[in-house]
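Step one of this worksheet: look at the structure below.
The values are calculated or read from the model by the stated rules, or taken from the named source; none is laboratory data. What you see is a predicted model, and the numbers here were worked out from it, not measured in a lab. Glycine gets a Cβ as well: all are built from the backbone with ideal geometry, and neighbour counts include every protein chain shown.
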Amino acid sequence: MSLNAKTDPNYVPKRINGKFAPGWSGNPGGSLEATRRSFNKDFLLALAADFKKHGAAAIEKVRRHQPAAYMKICALLVPREMQIERSGGVKAMTEDQIVDAIAAIEGFLARRSEEAAKVIEGTAEPAALPAPARKTKRKRRKSDVGLAAGSEE
């Protein structure tokens, strides 16, 4: 049996003239964003408390029994993009550092051109190509013969 003003003296209607009564929300579930934030906060607090109690032992157990999962977790902790800052460049280098850098670049280019020359200096051997396949003649049907005869007239 539902409660209403006739059966319960403390009954307050949810709507009065089409509007929500004071203390009653139009969305009894609350705000979706606020609910998500509250859940995330509670979950992270519980996770942090559990990690303080069992974290090191759990990590060690995963490392021993599931090394692939352990390595995946380690890889996920490494940032995907690294910020590299250049400082000074060539202007900050000493003359000896510049000479050493030029020598290293020349050595790299020399090795690269030697490898390219090895590929280019190969000898070509003549290879016989297979004979082209001959087309097989199609059997003529009576209808084909009549069409060919009719086109000659």
Report summary line: When every residue in the range 83-111 that is among the β-branched types (Val, Ile, Thr) and in a helix (DSSP H, G or I) is compared, the one surrounded by the fewest Cβ atoms within 10 Å (Cβ to Cβ) is 90
Query - Scope the range 81-107; condition of a type in the set (Lys, Arg) and modelled with pLDDT of 80 or more; matching residues - result: 91
Query raised in the report: Does residue 62 satisfy being at pLDDT 85 or above, over 18 Å from the mean Cα position of the chain (by Cα) and assigned to a helix (DSSP H, G or I)?
Result: yes
Requested in this report: Would you mind telling me which numbered condition in (1) surrounded by fewer than 10 Cβ atoms within 10 Å (Cβ to Cβ); (2) modelled with pLDDT of 85 or more residue 131 fails?
Outcome: (2)
Query raised in the report: What residue, of 141, 111, is at pLDDT below 70 and either among the charged types (D, E, K, R) or farther than 30 Å from residue 89 by Cβ (or both)?
Result: 141
